[in-house]
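The values are calculated or read from the model by the stated rules, or taken from the named source; none is laboratory data. Remember, predicted model here, so these are calculated numbers, not experimental data. Reconstructed Cβ throughout: ideal geometry from the backbone, glycine too, with neighbour counts over all protein chains shown. Ligands, DNA and RNA are excluded from the accessible area calculation, which covers all protein heavy atoms including side chains. Shrake-Rupley method; radii C 1.70, N 1.55, O 1.52, S 1.80 Å.
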Amino acid sequence: MDLDAFERDNSVNCLVDSTVPPACRTEPCSLGIDEAGRGPVLGPMVYGICFCPVARQGDLETLKVADSKTLTEAQREQLFEQLNAAKDFVGWALRILSPNFISTSMQQRVKYNLNALSHDTAIGLIQHALDSGVQVAEVFVDTVGPAEKYQEKLKRQFPGLEVTVRAKADSLFPIVSAASICAKVARDRAVKNWKFVEELEDVALDYGSGYPNDPKTKEWLTQSLDPVFGFPQFVRFSWSTAQTILENKAVPVHWDDSEDNPSQKSAQSLLSFFARKDAPAKRPLHRFFHERKLETVTSL
């Protein structure tokens with residue numbers, strides 16, 4: 001699993017896939033879909049597909065794949081290596097969605113919610129498999145939202161395929177379990193090898209589980225917050241946990257046309273943070289200034 005492209009630029013999405021086994025180009029195939037990292041406020045979300053010939057599903061079951069959430073990290077890594085080694089009949093593909101993409105999508109003017117994002121990503125991966133020559137005959141999906149509506153949506157999109165959408169599909173169908181393992185291994189590696197472009201100074205990288213209700217994660221969010229530029233790109237700033245910290249800890253912003261609003265009178269102007277001060281700054285300039293070669297001037 002080569003994640004170099006995503007690690008070089010983790011602000012954008014990335015597609016990673018295996019070679020398509022020759023058998024999958026000539027025989028009817030079963031394809032499973034699952035995701036990893038839907039709930040955390042930190043890091044990417046990864047959607048994965050795994051496929052194999054329908055006639056070889058028994059061979060897949062002998063690998064003893066299981067729902068990735070029931071396995072340890074070491075067990076997931078071992079099973080992924082076994083799946084990756086079965087190149088004669090197993091293939092996979094992953095779509096890594098960056099935290100930056102997730103948040104900007106959810107906060108754009110025309111709202112693009114997480115369910116719609118998940119559905120579109122799954123559809124894109126099925127289409128990728130078809131375009132790659134995989135003879136997909138049946139699809140099994142771990143549901144996002146109401147299973148019946150999701151299944152109908154996929155059947156309309158792919159009328160020639162047999163589609164089954166179920167809750168907990170990763171524990172019901174081995175092909176979905178395999179997709180779950182691929183997705184989870186990719187997310188674990190992406191999080192572990194995350195390259196921060198921001199200057200975090202003395203902020204520790206021990207951010208806990210990454211889930212919003214984890215006190216250690218909340219503490220890390222507070223410590224990593226820049227009062228003007230917000231969170232590192234590692235953070236899904238559209239999550240309510242991050243939004244609350246921004247509202248309480250970041251610099252309030254007011255616009256010129258709202259100066260007459262009494263509620264804004266006590267708010268500190270954003271421009272005051274760009275003015276030169278006699279006292280030395282407590283932290284170096286943000287990368288925003290360095291990347292644009294900006295310097296503070298005292299006169300024009």
Next on the checklist: Nearest 10 degrees is fine. How inclined is helix 174-192 to the longest principal axis of the chain, computing both from alpha carbons?
Outcome noted: 30 degrees
Item to check | Tilt relative to the chain, helix 147-157 - C-alpha long axis, 0 to 90 degrees, to 10 | outcome: 80 degrees
Item to check | Summed side-chain charge close to ALA86 - residues other than ALA86 whose Cβ falls under 14 Å, Lys, Arg +1, Asp, Glu -1 | outcome: -1
Item to check | Under 5 Å, built H, 5+ apart or other chain: amide partners of ASP226 | outcome: PHE231
Next on the checklist: If the reach is capped at under 23 angstrom between alpha carbons, list the lysines near LYS111, excluding any in the same chain fewer than eight residues apart.
Outcome noted: LYS149, LYS153
Checklist outcome for this item: Put ARG187, ARG8 in order of accessible area, largest first, probe 1.4 Å, and you get ARG8, ARG187
Item to check | Distance between modelled label sites at GLN243 and LEU285, nm, 7 Å Cα→Cβ extension | outcome: 3.4 nm
Item to check | Solvent-accessible area per residue for the chain (1.4 angstrom probe, square angstrom) | outcome: 54 Å²
Checklist entry - Which value, in Å² and to the nearest 10, is the accessible area of THR62 when all protein chains are kept and the probe is 1.4 Å? => result 100 Å²
Checklist outcome for this item: Of 18-24, 112-118, ordering from highest average Cβ density within 10 Å down gives 18-24, 112-118
Checklist entry - How big is the accessible area of TYR207 in square angstrom, nearest 10, if you roll a 1.4 angstrom probe over the protein chains? => result 40 Å²
Checklist entry - Leaving out ligands, DNA and RNA, what percent of the accessible area of the chain is carbon and sulfur, probe 1.4 Å? => result 51 percent
Checklist outcome for this item: Note to self: C-alpha centroids of region 51-114 and region 202-255 sit apart, in Å, by 28 Å
Next on the checklist: Show me the ranking of peptides 44-50, 195-201 by mean Cβ neighbours inside 10 Å, starting with the highest.
Outcome noted: 44-50, 195-201
Checklist entry - Tell me which lysines have Cα within less than 21 Å of LYS87's Cα, excluding those fewer than 8 residues away on the same chain? => result LYS64, LYS184
Item to check | the chain: angle of helix 215-224 to the longest principal axis, Cα-based, in degrees nearest 10 | outcome: 50 degrees
Item to check | Sequence of HIS290, HIS128 when ordered by accessible area, the most exposed leading, probe 1.4 angstrom | outcome: HIS290, HIS128
